[in-house]
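The structure under discussion appears below in the form of C-alpha cells.
What follows draws every value from the coordinates through simple rules; no lab data is involved. Bear in mind that the values here come from a model prediction, so they are computed numbers and not experimental data. Note that each Cβ is placed from the backbone with ideal geometry, even for glycine, and that neighbours are counted across all protein chains shown.
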Amino acid sequence: MVYLLDSSAIAVLLKRLGGSAVKYFAGVYTLDLAYYELGNILWKECALMKLINEKEAVNKVKYIAKLLKTMNIESIKSEKDLEGTMALAVKLKLTFYDASYLYVAKKKNLILVTEDHELREKSVKENIEAITVDEYIKQK
C-alpha cells in the first residue's frame, strides 16, 4: 500500500509524534501544496494565535522542509491534471486544493491520509480509499 498524506495528516502526525513521526513520511506521497499549507499553519500559530514565537516558527518550518524532502512530492501542473482537478472540484463541491489531493490519489492509485472528514466522505464517491491518521499509524 502506498499513501498520499495531505497537510492535515502531516500536521497531526508532527503534533502527536514529534521527532518520532519521521518514519511515517519517508517514501510516501504529498503535494507541493503541503509546503504552503504547513507554512500557513505555523504562521497562524505564531502571528495570530501567539502559540509559538517567530524563532520557533522558523525552526519548525525548516524541519518541515527537511521532512518533505524525504517524501515523493507531486504537482498539479499539466493541462490534463488541472482539468481533472477542476472537474473533481466542481463535481464534488470541493476546493481546488482539496480536489487536487483526490485527483492525485486517484491518478496514482494511492490511499489518501487526511483528517478532513468531508474529504474522506467525498473520496468514497470516486472510489478513492481515504483513511485517518490513526488508521494510517495502525497500518504502518
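Brief remarks on what is shown
- Taken along the Cα-to-beta-carbon direction at a fixed 7 Å, the label points for residue 138 and residue 63 span 2.8 nm.
- In a reduced charge model with +1 at each Lys and Arg Cβ and -1 at each Asp and Glu Cβ, the range 3-139 shows a dipole moment near 340 debye about its Cα centre.
- Considering only 106, 62, 122, the Gaussian network model of the chain with Cα springs below 10 Å gives its largest mean-square fluctuation to 62.
- Proximity of backbone amide H atoms, modeled 1.01 Å from N, is registered between residue 111 and 2, 3, 4 at under 5 Å, excluding neighbours fewer than 5 places apart on the same chain.
- Taking 0.36 nm per residue of separation and subtracting the Cα-Cα distance, full extension of the segment from residue 124 to residue 45 would add 25.2 nm.
- For residue 116, net neighbour charge (Lys/Arg +1, Asp/Glu -1) across residues whose Cβ lies under 11 Å away: -3
- Calculated FRET efficiency for the pair residue 20/residue 95, C-beta based, R₀ 35 Å, to 0.05: 0.65
- Net charge of neighbours whose Cβ lies under 9 Å from the Cβ of residue 107, counting Lys and Arg as +1 and Asp and Glu as -1: 0
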